[in-house]
Each structure stands twice: as C-alpha cells, then as structure tokens.
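Let me begin by presenting the structure, written as structure tokens, before commenting on it.
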Protein chains: 4
Amino acid sequence: MSSQFGHQLKISIFGQSHSAGIGVVIDGLPAGEPIDLDEVAAFMARRAPGNSPASTARKEADIPQILSGLYEGRTCGAPLAAVIANTDARSGDYAAIADKPRPAHADFTAHVKYGGANDVRGGGHFSGRLTAPLCFAGAVCAQILARRGITVGAHAATIGTTFDESFDPVTVTADELRSVSKKPFPTISDASAEAMLAEIAEAKARGDSMGGVIECFAVGLPVGLGEPMFGGVEGRIAEAVFGIPAVKGLEFGSGFYGSTLCGSENNDPFRVVDGRIVTETNNHGGILGGITSGMPLVLRAAIKPTPTLMQEQQTVSLSLGENATLPPKGRHDPCIVPRAVPVIEAAVAAVLLDLWLESGDFPKGA
Amino acid sequence: MSSQFGHQLKISIFGQSHSAGIGVVIDGLPAGEPIDLDEVAAFMARRAPGNSPASTARKEADIPQILSGLYEGRTCGAPLAAVIANTDARSGDYAAIADKPRPAHADFTAHVKYGGANDVRGGGHFSGRLTAPLCFAGAVCAQILARRGITVGAHAATIGTTFDESFDPVTVTADELRSVSKKPFPTISDASAEAMLAEIAEAKARGDSMGGVIECFAVGLPVGLGEPMFGGVEGRIAEAVFGIPAVKGLEFGSGFYGSTLCGSENNDPFRVVDGRIVTETNNHGGILGGITSGMPLVLRAAIKPTPTLMQEQQTVSLSLGENATLPPKGRHDPCIVPRAVPVIEAAVAAVLLDLWLESGDFPKGA
Amino acid sequence: MSSQFGHQLKISIFGQSHSAGIGVVIDGLPAGEPIDLDEVAAFMARRAPGNSPASTARKEADIPQILSGLYEGRTCGAPLAAVIANTDARSGDYAAIADKPRPAHADFTAHVKYGGANDVRGGGHFSGRLTAPLCFAGAVCAQILARRGITVGAHAATIGTTFDESFDPVTVTADELRSVSKKPFPTISDASAEAMLAEIAEAKARGDSMGGVIECFAVGLPVGLGEPMFGGVEGRIAEAVFGIPAVKGLEFGSGFYGSTLCGSENNDPFRVVDGRIVTETNNHGGILGGITSGMPLVLRAAIKPTPTLMQEQQTVSLSLGENATLPPKGRHDPCIVPRAVPVIEAAVAAVLLDLWLESGDFPKGA
Amino acid sequence: MSSQFGHQLKISIFGQSHSAGIGVVIDGLPAGEPIDLDEVAAFMARRAPGNSPASTARKEADIPQILSGLYEGRTCGAPLAAVIANTDARSGDYAAIADKPRPAHADFTAHVKYGGANDVRGGGHFSGRLTAPLCFAGAVCAQILARRGITVGAHAATIGTTFDESFDPVTVTADELRSVSKKPFPTISDASAEAMLAEIAEAKARGDSMGGVIECFAVGLPVGLGEPMFGGVEGRIAEAVFGIPAVKGLEFGSGFYGSTLCGSENNDPFRVVDGRIVTETNNHGGILGGITSGMPLVLRAAIKPTPTLMQEQQTVSLSLGENATLPPKGRHDPCIVPRAVPVIEAAVAAVLLDLWLESGDFPKGA
C-alpha cells in the first residue's frame, strides 16, 4: 500500500501497464482554481513516448478523461480524478516475463511479494507508464503554483557521459526554466542535446541503453515551506521522486560534491540585497533545516539506464528454478531521461503545493 | 508538523537542544520483544559527543529514561517512550543567534517560518542533538531485526577527500558490519581512519570543518519488503534519512555512478545459487521496483560539512535588516560524519522494521 | 481533504453526483484474492435506487468498470480502481440550489468552504450517490473476509417509529445475517417491513420523509483486532460510518442504553464454553478496550430523515442575502434507510479488513 | 499502533497506569501562542481523581512537566511534550488481573492481542489514567481556540437515570459553558448535581457503579471547518472521542432522537438574522455535510458504567482455562462521568483546532 503521497494534498495513482486504464485521484486541491486542460496536455506531451528517436515506438494518445473535481473549469473542492485508457497494449509481447524475470526490473521482487498474483504484463503497476498520471497531477499543481509566482523546471543534466550546461543556482529565472520546457530535447545547451542524442543512438545501435541525471529548479518560493525533521523539503521531495521508476539517487544543492568541501567553502553567507535576505551562493539548494530559504530550489535525480535491452540477458526460470536466458527485447526506450524530465518536475510541483498548503500560509484565491 | 515518520511503526521525536529534555515515542512495536538496554546504551554511545578529537567538547550523559512501553523487560504493545534530560546546556553561548542567523543552519528559515517564536538556543528543534532519540529508536528496532537475522551496519565511506575501503555489495556479511561498529572510528580500513582523523584535525586547526559520505548496508533481508511507487524502500528510507540534519544526498546501489553506465553494465543478472535466486552483481543495491530483492541493501548518504566554524562568517542582522558578521564559534564538531554513522543505521533499521511490519509477513514471537 | 479512510487499506472515493463519473481506488488489498464481480454487483444492487416504492425514481445502471487491480480475476497487489459512469443526471433539476441552500444539506456549508466553487448539481461530492463506490469497496472486502469466516450483516432496526426485531447479540449467526440480505426490504421481521413501508408511504403522501436506525453485526471475528486508544474498533468504524451522508449517531453494544445501567447489569461475565473464552451477555458489542473480543460485533447508526421534501421550505438567497423559500422537490427518496443498510455493511467490512491487515495476523492466501 | 490522532496536529499519547510516567507529544501547534500553564493545570484538575465523593481515592499530583515545545512561554513550532510521573501506583493491588481478566475491561482482549506481554498493572495502556495527557493537550488547544473566540464546554447530561437540564442549542453562549466548568460537579442545574451525587452514592453503597451521557457544545466556530466524507467533523471527533475509555456511543445534534422525526421536523430552516445566515433550530448540531455551519456544535457521548465493582464477578482463569470468580475491588470511581466531562471537552477542542489548521484558514498570530 503506497501508490500515493502527500499530506494536505493526497495524490493516489492507480493502474497497470496493460489494465483497462491508469489514472490519478488528487484530493485536497484548493477550490476555485481554473485549470487549463490544454496546458495540462502540453505538459503531458513532453513525457509521451514516440516523440523522438530516443523513445519507445509505442504510441499513446494519453488523453486524460476528467471524471470529477472540476466544475465550470475550476477545481470544486472535490477530489480531481482523471483516467487514461490503455489502448495500445500488446500483451503478447510480454508473455515470457511471467517465468523469466527481467534483470533490473521489478518482475522478480513483485512475483515474490505478491505470491505470483502480480500483473506481469508490461511491468504491471511498476511500469514507467504510471508516470503519465503523475504528470497529469504535476501539471495541475504547476498551474496553481505558477499563478502565485512559482515555476518548476528541469533539464537533462547528463546522459551517459555527456553533460549539459547548468543554470546559475543563484540567479536562475522562471523564463530560463520555461525556455527548456519548449525544446524538443530538454537541455539548456543545444549542442549538449545533439551530443546526447548521438550517445543514445550509439547505445541503441549496440542494443544497449543509457541513464543520466536530471536537474530540477524551482524559483519564486516563499521562505518557510517545509516542516522540521522528517517533514523537511528534502524528505518530502524524496518520497515523491523515489516513487518514479528508475530513480536511484537524489541530491540537493551541492549534494554529494558538497560533502567533499570544507564548511568555509560550502556555507552560503547571508546578505541583504534590495531589502531582502538572500544568500551569496546557493550550495544549500534553497533548503536550510528542511525549510525553504527563498533561494532557488536545486535538486538532481540519478536515473538508471533502461533495463530492457536488445541483447540477450542472463536470468532464471521461476518455474524450473534454474538459470535461463532472456532474448533481446524490442519496443522500448534506449534512454528514458528526456521523458523523465517532466516527471521530475511533476513530482516536485506536487510536493511544493502540498507543503504550501500544509504551511497554513497558502494564498487562496490568488 | 512532521517530527515523526513511519507507517505501522510511528516514531515521534521531540525536544530542543536546550529544552528540559528530548525524547522519542515509538508506537507500533511488536509486543513481547525483549529489549537489552545495555545494548541500546552501547549503540547510543557511538553517537555521543566527546569520544574523539573529531567531536564537540560538550559532554552528555544521554542516559535515556524509559517512561513506558516496556513491562518486565519486554515490549508490551503500548508506545515505548524514552526521555533524555538536557543537563549540559550553556544557553549563554548562543545568545547572538537570535539576531544573526548562522550560515547553513536553520536559524533564518526557522525564524521566518515561526514568526520569531522558534527556540534559538543551540539550533532548537533543528539541532543535531535530536538524533540521540532517533538512535534510541533505531537501537531498539535493530535488536528486533537482529533476532530475525537482519543486520544493519554503516561506515564513513569518505571524509573530505579521504576514501575508506568498501565491502563487497554481493558478499558482505553481518560479521563484517558488526566489526566496524566496534571500532573507535567507523571505517573498514584503519589506515583510512588515520587519514580521515588527520584531515579533520587539519581542518580544525584552520577553524574549518569537513563533511563526508556514509555508506550503509543491511543483510539478511527477506525478498518482498517495500511497497509500490511512493512506498518503495528508497522513498521510505529517504524520508527518514533526509530527516537527519546535514544530509543533502542519498543514493542506492550504483546510484549516481550507475546513471553513467549502459544498461548492459548496470543490470544485475539473476542466477540460481544453492537453490536460491540471487543476482551476480548488486548495482540495484538490494532494491528492485522499490522492493527488497534479498540481496544486501546498499545506500550512501552525503553529509554536508559542519556549518559552525571557528572563523568569522558573513551574515545579516534580522533586527537591523543589514549585513553583519558572525564571530568564530567554539564548542562544535569539526566533522560529524563519524557520529552520524550510527544515526544512519538507526534510521535504516527503523524503516526496515516498519516495512516488515507493514508487509504482513513479520514473524511475531521469533 | 479526506474522501478516503483506512490505514493498511486506503479507500479513496471520488466523484460528484453529476460529474462524468464516480469511483473508488482501493490500495492495499491482499494479493491473490479472487473477486466475484457478480457477487459485487448483487451487493451494489441492494443500494441501487429504483428498487422499491421507498426509493428515488432515478434509475442508475451503476455497473462499475474495473480499471486496474485485478489480473486474471484475482487481486494483483496494485490498487483496485473502479469507475461508475454518471448517465442519468438531469442537471436542470438542481439549478436553483446554487442560490438557495437546501435545509439539512451541505449546500450552504460547502458554498462557504469552497468560496462558491463547489459543484452544486445534486449535492456534488456530498451526494448520497457517492456511497455506490463505497459499496463496491465494501463488497470486495466482504468477499475477502467471508473466505476467512467473517460475515457482516445489517438490518433496518427502526424507521420512524416502527421497530424491527433484533438478533440475539450472543448467538447471532452468519446464516441469519445472510438471510436479511436476500430480502427485498432489509428487516428481520416481515411484519416490520410492511409496517415500515406503510409509514414511509404515509410520509411520502404528505410530501415528508423518514429516518431510522440501522443495526449491524459482524460474526466470526478473531480476538485481537483493533489498536489501543484512537485506533480502537469503535473509532475506526466511526471514521468510516460518519463518512456516510445522513449518519448522525453511532453506538456499540448496549451504547446509550447501557449508559443508564449499573455496572453489575452492563458488565459481561467471561465464561469458558467448549474450551473457548466467551461472554455470557454482549453489552460490550464485541469490543473491549477498542479490541475485538471474539463475540459478535454490534453497532447501530442513526440516519436522519431525508432532507429533500415535497414541501415548501424556508431558506435564504445567498446572492440577495435575504430570506427565501424553496419550492417542493421531486425525485428523491422519502427514506434512505433501506438503501443505507448495505452501505453501513460496506463501511464496516472495509474497516474490519483494514484492522485485520494492520494487526499483522491476517492469514494471506486463505 | 494508534495512540495518536490528528492530521495537521498530531497528538501522541504514551504511558501505562503504572509505568514510570505518562505523557503526550503535540506536534503541529501554531508557533507563537502563549500558553498559560496555570490555566492548563486548572483544566486538568477538573479531571483529577480525589476531588469528590464520586471519584477514586487514588491521589495524583499530576503536575505535567514540559519537556519541549515552549520557549519563553510561547509555542515555538517544535513538538510540545509533557510528562506526568506516576507516583501513587500500588502495583500489588492488581496482581490477580494477569490471570483473571476483569469483565468489561481490556484485560482479556489485550492479553490475546499482545500474546500475554501487555502490562496488566492497573489496565496498563488502557487505563483511564491515560486521559490525563489528553486533558493536557486539550487544555492547550482550548487556549488557542479561546483566543480566537471559540469556547468548548460540556456537562453531565445524564448519570444513570437522572437528567440535567440542557442549554438551548441555538443560543448557548460561551459564558454559559464557562459557568459549568467552574462548578464542583459539572451540571447546569444544581439540583441535578445533587440528585446525581445521590444516585452515585447509592450505587457505591451497593458496591455498584454508574454510567451516563456527556453533552458537549462548542460556540464561536467559523463556517467551513471539516472535510468531505470521511474527514467530516463528526468522523474526526468520533476518532478522538471513541479513543476515551468507556465511550460506547456518540451522536450529533438531534442524533438518535432525530432519526425518529420526519424531515419537516428535523430540517433546520435557514434565516438571515442581522445579516448573518443562521438556522432557526439546531437539529444538525452545527454540522452539515460534515462541515461546520457556524451554529453551535452539539454532541453527546455515552459513557458505560465503571466496570470495576465492589462485588464478586464471574470471569475465567487464563492459565487454567476454566471459570473463576473475581473478588470485589477497592479503590475505583463508582462513576467516572463527572471526571470525563473535561476529557470530552479536551478531545473536541483538539479536533477543532486540527480541523481549523487543516482548513488553511487558521488565523495565525491572532
């Protein structure tokens, strides 16, 4: 039990890769918020497969149907429920999985946990497809945040061994973040995009796959979001972000690199600038003591390489209890990092709205 | 609101650095479990200050008083509450903090969040001292796990630029983990300990501080702990570990490094060994799809350098709204990494017990 | 935020009376449980309107579509999501509500709470229609309980001033409970059913409505379900039962009547019968200290009379801020008690399964 | 696991009747609220035993020690923890309980649930003594509410067969509620107090005990507290109130009586009075659709008669598995209703504050 997260805002995700549908229930949204469904669709399209040579050939219309929660175009206080039908599911592709768990997938662990009753088709509930409803939820939250001056934006910071440029963590702006979201490939530098696409294409040609790191920023945050200790911004974002398949690492601000610095290098001095208290540097990534400092939020998530490969792999037969081989697999993403960029944004936006609601300072009706 | 974590097991921590006491309430422990309080004290002593040249001069007896939850030496089904009195608190040391927030501390964000009502003495509720009751809770959970064959153990993987050796993530044993916990300085390699102590001493001499990375393992886990999506082992551990002050990064298995690999390098092939399904390598860190695979759990947490310095620092005066300087500070840890090692273990042990209870498969009365 | 309840089992309900659909997500069901959807439909039919002269003329097919959570006819560990389309919604009927709140409905309070953004059509999210997905959830849980020997059953104990007979709270059997569920009108005594129907018909003829009391039993419970204090069976059932519209009172065992007795009359002596510890009487309603005693669970819920009337009522105009009158309303139930009987059963079944899962003693795969 | 309740405000209670101490952690209080500890003590004294002929002879100083959460007399944003030492515990009194469960107590169910590991002394964690920390929490919350115009007050509505007068549920005032709290015996009518005391004395003389009904009001509430469905005010209050030992029934407004009325009798017409929307009658008890209407909150809780008797009772021997008798017991309350009056107030105050915080409309710094 835990396909949901949030406190004041509860986001419950359901569905399996090949069930009749997948969807999300968002309970606790502020009432009276206009939701632009075209904008939501545009957000979701950034995650949709089939848009680039880097992604799976599976086509999904992925038009969410709103079942409840909107009335005359605005949130009405009731849970917002949206469903996406699963139309392009070819179950036959996945028959062998029931017996031969794919390395680095949830097939084996789910099989044991659920006593063999789990839905094995396409990864079942553990499929990356379940990030579509998360994007729906995040897109809705992002609109509510944007109306109040908060913008969340991410980019593919590395893919394999290729690095993108980064934004200045002190001065990064909403416009800069938005500019990345309009690009066909989510990098700051177009040259990096080309290099990454080349690296992905090369891996694909070998039947292999790539991972990478996604860096995400949020600007316009008030000071004071986040709760002490286990309710800190880091922990709350982590709960959501580690819920995204393939995320195996997460750091804030200077993160792992910062742990190699001295305090005198890593500490961010406070300064008064234009009557506002800011920090000169932003190694803390906008979070001090688990609470937002008003500086840009900065985080990076490590995405493991796609487990499905166009190569034979070693596995076991669950029924025979002996070693086995898994044949090369077709339709899949050689690198999900570009598609995961809006998913990370979605998770972060949802958590930030939840924390703002929890703070008791959320400006209703703004 | 969130000085607690857990689902079936709720761990609620309270206290401020200089309040009358600090403590913890652990609700949901299985009943009938003998608790060895000497062993708990030994665990807590690993976190206690004043044990080494690397730690603060503040002495704390830190003997927890058990208020409830034990009956005739065993857990009795009622919440286990323990209190540690704050005896060695010198409030005078911290007077200026109320006006001049320390860089990289929670002083500024807490001041804004709580409208100036927060307890500024020694960091208040945001003090690292609050990890003492977490260690108490973790020590209790660790005993219950150990009785069922699960051992959690960590070491200082890096401090500043000095690396420790690591254990083999496939073959690491409970004995190996326990051996580190008995050392005065928590490294695998004694040479690393010496080098780290030297690096810390050098930083201290400069009035500076160090951070580092703590690596933690758990062995003996059953297959199937963890829940899907946001209830995965990674997310649940993250909620607890990011609740520890100074943690700014967390990765599992091959983590950030793994994101630079190809799928063919990072995937862990399944094999049948002695009739048991295992993986040949352990880049997944014992977690697939958020669920334990039965392989050793492997995680690393990035600890930022101690913010308090024996150097003048730049800050602001909250009352004057202008720039200010903070004089060098005395009594503090130049590097908290060694003391944080058992704290990470505590958080991990608590989460693992919680997940096991939540799974419905916890063997009561074992 | 709170259209959900449960701990190990999270039941999230969404929808408005006239939104595109209503539904439920059940997260945390044990995996591998066969679900008989015909039986679920039969359970839901007991709540469906249009079956008797006592209920509304609105016809609803109310066939739930399963979106996820079942695989090859069994629960698969993923959240079980079901949606019911709203097809027979005549929005025009409800236009005036936006300005003139109906007495004893949520129109006024929802209007203020949501700043006028609430969906006013047919009561929106506060409609009794939302009990259909609750029945779906309860029917699923009841099957899982029945497979393990637990039966939940209720009857209309009073409607207006007419009383039904009751079962003996010590000896009541599963067969007795099931026999009521097969009747067209949910009473133990057929004579009571006739009298109740007559009383309802008389009220309807006057344009008035009736309330009543529903009594619910559960038999076959193990000893030990329920948690201390705020997690007691009474409180947990109350959370679910008070979530059903129109419930304004709830009592367990001898309840309010028992509060007029002396201890020597109300205490239930323990006895050993056939090697099993039972009580001679059952004033405690199967719960002692919040924990099941193994005796039948007994509870009664007070249902207020249907607020909608075929009479003119006094209200206010929200836009004009002055007194107003509400014309008589058509299509409605003059008494919802009979239809609420399975709803109470559903809530109780869901809570009992949740508590069993939480206890750690749930027999998986039974 | 569930010795806690609340959402934005988490109240965790710990302790056993004869453990070293009992206490409470209140997490989520708004920061900056002055707390008058003398007033808290006065509130708690109303619950304390030994004040009247109706209560137990056990003397308890019950002075709570504040461990954390207050700084310079105000809440500081950190969890507020208070501990009450158990000083007057005579364990010897209770030795036989381990083998012979007392009828109508939790002895038997706790024994089975915890496999015999539960603390049997004085009822352990199930003791009425655990309501002392709940009163502490409620007294703190009541001060925060009172500062914002909300007053909660209760009275002994019936004891055994003696009724108290009631307040008019439409016009009841804060002053009326406060007047009861200052009386030595918590009734509106002094004549009722005398009659109740006589009825209790008579029962005591027979070695018997009495129960009763407590009626509680809250005035000054804003419109709009409470969440839909399972988060309604009724359900949330029920969760807290059923956590109080001996509560076996709960109703709101006209409650069970209202279920016998017609809709035309039970519906409360809306009216505009002095520009404010009110209801002419208050059968809804201040809650419509689970949400506060601004009218006085009205609820009644049924308290079962004290189980402990100065009479021999029938029970069983757990060790022998055969019938047994329990000798008459000494030190106990023949009627806990008067002492339970502030406990009900405490639970209601805590829930109302929690709901206000959850609403996002709580006026900080009022």
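Laboratory data are not the source of any read-out in this text; all were calculated from the coordinates shown. Small disclaimer: the values here were computed from a predicted structure and weren't measured. Glycine also receives a Cβ, built like all others from the backbone with ideal geometry; neighbour counts cover every protein chain displayed.
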Shortest first and in nm with one decimal, please list how far the C:Q314 label point sits from its counterparts in the other copies (point 7 Å along Cα→Cβ). 5.6, 7.1, 8.5
Nearest 10 degrees is fine. How inclined is helix B:337-359 to the longest principal axis of chain B, computing both from alpha carbons? 50
Cα-Cα pairs above 21 Å in the stretch C:209-366: how many percent? 57
Teacher prompt: A:K364 distances to equivalent labels in other copies, 7 Å Cα→Cβ, nm: 1.6, 4.4, 4.4
Taking only Cα atoms, what is the 0 to 90° angle, nearest 10, from helix A:190-205's long axis to the longest principal axis of chain A? 20
Given H placed 1.01 Å from N in the peptide plane, which residues other than close sequence neighbours of C:I287 have an amide H under 5 Å from its amide H? C:S293
Could you work out, residue by residue across B:150-161, how many beta carbons of other chains sit within 10 Å of that residue's beta carbon, and then give the average as an integer? 1
For the stretch C:63-183, Rg(Cα) over 2.2 N^0.38 Å is 1.45
Determine, from the Cβ-Cβ distance of B:E265 and B:A146 and an R0 of 35 Å, the FRET efficiency 1/(1 + (r/R0)^6), rounded to the nearest 0.05. 0.50
Could you give the spread of the C-alpha atoms of the stretch C:190-262 along their three principal axes, from largest to smallest, in whole angstroms? 49, 29, 26
What stretch of chain B, leaving out the sites themselves, is the longest with no GluC sites (Glu not before Pro) in a DSSP loop having at most 16 other Cβ atoms within 10 Å? B:166-279
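In which sequence would B:H18, B:H155, A:H7 go, from the one with the fewest C-beta neighbours within 10 Å to the one with the most?
With the fewest neighbours first, B:H18, B:H155, A:H7 line up as A:H7, B:H18, B:H155.
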Expressed to two decimals, the stretch A:277-348 has a Cα Rg over Rh, using the Kirkwood radius, of 1.27
Give the aspartates and glutamates whose C-alpha is closer than 17 Å to that of C:K100, dropping any in the same chain fewer than 8 places away, or say none. C:D119, C:E312, C:E322, D:D268, D:E280
When each of D:K183/D:K248; D:K182/D:K204; A:K10/C:K113; A:K304/A:K329; A:K204/A:K329 is checked by Cα-Cα distance, pairs over 21 Å: D:K183/D:K248; D:K182/D:K204
Taking a temperature of 4 °C and a viscosity of 1.567 mPa s, what whole-number D in µm²/s does Stokes-Einstein yield for the stretch D:140-283 with Rh from Kirkwood over alpha carbon pairs? 74
Using only Cα atoms and rounding to the nearest 10 degrees, what angle (0 to 90) does helix A:37-47 make with the longest principal axis of chain A? 60
How large is log10 I(q)/I(0) at q = 0.14, 0.32, 0.33 Å⁻¹ when the Debye formula is applied to the Cα atoms of the stretch B:251-297, each weighted equally and without solvent? -0.32, -1.24, -1.27
One residue of chain C has its C-beta nearest the axis rotating C onto D; that residue and its distance in whole Å are C:A238, 2
P(r) of the stretch B:308-361 over all Cα-Cα pairs, 5 Å bins starting at 0, rounded to whole percent, reads 5, 15, 11, 11, 10, 10, 10, 9, 8, 6, 4, 1
Once Rh is set to the Kirkwood radius over Cα pairs, what Stokes-Einstein translational diffusion coefficient, in µm²/s, holds for the protein assembly as shown at a temperature of 4 °C and a viscosity of 1.567 mPa s? 40
Beyond 25 Å, what share of the Cα-Cα pairs of chain C remains, rounded to the nearest whole percent? 55
